[in-house]
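Here's the structure, in structure tokens; my notes come after.
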Amino acid sequence: MKFLLPAALAALLTVTSAIAGSFPDDLKTGGFVVGCQAWTFNRFTVFEAIDKTAEAGGKVIEFFPGQKLSPEESDIQFSHEPVKGQTRNKGEKLDEAATKAVWEKVKAKLAEKHITPVAYGVVGIPKDEAGARKIFEFAKFFGIKVINTESVDAIDIFEPLVKQYDIKVGFHDHPKRPNDPNYKMWDPEYILSVVKDRDPRIGSCADTGHWVRSGLQPVDCIKILKGHIVSSHLKDLDKKLPSGHDMPWGQGVSDVPGILAEYKAQGFEGPISVEYEFNWDNNVVDAKACLDYIREQGKK
């Protein structure tokens, strides 16, 4: 029998932990840690997004940068520069540099509704250590497990922070940009090339809907990234075109059962976010349909 040296054993345990996740069973729905990405409710405030996540039956939430805090304090918001295509609210901002008192208000609201924050993104991570550390401190305060980003150029800066804070980073994919060949995040082979030799807690935030919009099959993409998926934005679209819009899971053209089966086969339990980018003013019922779907799938 061959025995592992302590360092090798520690590395093996780190890899196993990164793949298997570290979430308690009481946060799972249908076998997965799944809830709402607050971007689903981006026309509302953080407090309202928490309320709507609870109303939809979610147990967890993924925050995004740029959302106003509450109807009462609607000029306070997250202040990161948004990902291309997103808009940012105006007024006083809530970010990693905000006072702990503001953070505590959000934490109290989460406790009131029994919602657990598990992810944060899609957020730009700066290429300076001090700026990147603020994001990790923000995540640590809320107990967030995954930071989702597209900041490939900052990987050498944040990899030591991933190790120090034991917080994962997932590289998110937006759709392929025909007029921008330099944008490669849509390609799972490219993401694999970026993360395969890095700390195993650095991987993919698999946005299945954007893969469909890029002309890819999500199950194939997930297989390419086997062992490297640390979070997911799960979507079901009405058609396999860039113009396709969200549908409740199981009602569109995406192979949601196949996606969930492949996640389960790989030992990926989440976090998975319902990021429902349609019917913006009244999509709680759609988010609930997604969560109900995965709950029923878990019974099979």
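Brief remarks on what is shown
- Answer residue from region 150-177, given it is under 15 Å from the mean Cα position of the chain (by Cα) and touching a residue at least 40 places away in the same chain (Cβ under 8 Å) and is farthest from residue 119 (Cα to Cα) among those: 174
- Criterion: under 30 Å from residue 100 (Cβ atoms) and out of contact with any strand residue (DSSP E or B) (no Cβ under 7 Å at 6 or more places or on another chain) - qualifying residue of 135, 147, 157: 157
- Residue match in region 261-274 (condition: touching a strand residue (DSSP E or B) at 6+ places or on another chain (Cβ under 9 Å) and over 23 Å from residue 117 (Cα atoms)): yes
- Number of positions in region 260-300 that are part of a loop (DSSP other than H, G, I, E, B) and within 21 Å of residue 121 (Cβ to Cβ): 9
- Pair list, Cβ under 6 Å, 6 or more apart: region 268-293 residue closer than 11 Å to residue 246 by Cα, other residue outside any loop (DSSP other than H, G, I, E, B) and open to solvent by 20 Å² or more (accessible area, probe 1.4 Å): 275/39; 276/286; 279/286
- Scanning region 107-146 for residues that are open to solvent by 30 Å² or more (accessible area, probe 1.4 Å) and among the basic types (Lys, Arg) yields 107, 113, 127, 133, 134, 140, 145.
- In region 178-189, the residues that are on the phi < 0 side of the Ramachandran plot form Cβ pairs under 7 Å with partners that are part of a loop (DSSP other than H, G, I, E, B) and of a type in the set (D, E, K, R), at six or more places apart or across chains, as follows: 183/177; 185/150; 185/173; 186/173; 186/176.
The values are calculated or read from the model by the stated rules, or taken from the named source; none is laboratory data. Remember, it's a predicted structure, so these values are computed and weren't measured experimentally. So basically every Cβ, Gly included, is an ideal-geometry build from the backbone, and we count neighbours across all protein chains shown. In case anyone asks, the SASA skips ligands and DNA or RNA and just uses the protein heavy atoms, side chains included. Shrake-Rupley method; radii C 1.70, N 1.55, O 1.52, S 1.80 Å.
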